[in-house]
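Readers should treat all values here as calculations from the given coordinates under stated rules, not as data from a laboratory. These numbers were taken from a predicted model, which means no experiment stands behind them. In this analysis, Cβ positions are derived from the backbone assuming ideal geometry, glycine residues included, and neighbour counts consider all displayed protein chains.
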């Protein structure tokens with residue numbers, strides 16, 4: 001009787017294991033990060049440092065770190081991007097990772113200026129992209145997609161508006177904004193961001209047309 005009981009018990013355990021394998025094989029359910037979802041990336045198109053349109057579809061399947069700065073900044077921007085360079089150096093060889101930096105002073109940050117700034121950092125623009133464009137559109141993304149500036153800061157006249165934030169946003173492979181905001185001036189926040197990037201890199205991208213899915 002004991003042998004028979006052990007046989008049925010073993011058979012039942014094998015069935016349970018088989019069910020979970022076939023139910024979850026090929027999905028990322030078992031490897032999902034616990035990072036909170038704060039929103040998603042809305043459609044956009046901005047010229048990059050080479051004058052080529054960069055859109056939300058170019059973020060497809062990639063873990064992205066996003067920030068805002070301006071090339072003539074003498075305050076927080078140099079330290080912020082110095083810390084961003086640490087992120088770049090650690091993940092630049094991962095094909096599923098990219099950094100996207102936006103100008104918050106596009107009236108002065110022309111494409112050539114963004115290219116000059118990028119060249120000064122000696123980075124691969126396939127891994128770290130610099131975007132400029134329409135001020136209102138850039139600011140809308142910062143506030144309503146990435147959540148790195150309070151939407152209440154919107155002013156009636158865009159000419160009087162100015163974003164100057166040290167915060168980074170983290171985007172997963174499916175265009176969802178994950179975790180909180182990360183203070184780009186604090187070493188402990190940079191270390192936490194690295195940990196969260198590694199967590200999201202383990203997740204799988206959703207199948208299907210990314211540009212017409214989550215990013216819309």
Relative intensity, log₁₀ I(q)/I(0), of the range 78-196 from a Debye sum that treats every alpha carbon as a point, q = 0.18, 0.20 Å⁻¹: -1.05, -1.29
What is the fewest-to-most order of 123, 155, 177 by other Cβ atoms lying within 10 Å of their Cβ? 155, 123, 177
Give the separation of the Cα centroids, the range 146-197 to the range 54-103, in Å. 11
Treat the count of other C-beta atoms within 10 Å as a stand-in for reagent exposure and order 91, 168 from fewest to most. 91, 168
For an R0 of 25 angstrom, estimate the FRET efficiency from the Cβ-Cβ distance between residue 93 and residue 136 and round to the nearest 0.05. 0.10
Just the ratio, please: alpha-carbon radius of gyration of the range 90-157 over 2.2 N^0.38 Å, N its number of residues. 1.26
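Expressed in nm to one decimal, what extension gain is obtained for the pair residue 38 and residue 53 from 0.36 nm per residue of sequence separation less their Cα-Cα distance? Mind dumping the intermediate values first?
On the way: separation 15, 0.36 × 15 = 5.40 nm, distance 2.62 nm.
Additional length available on full extension: 2.8 nm.
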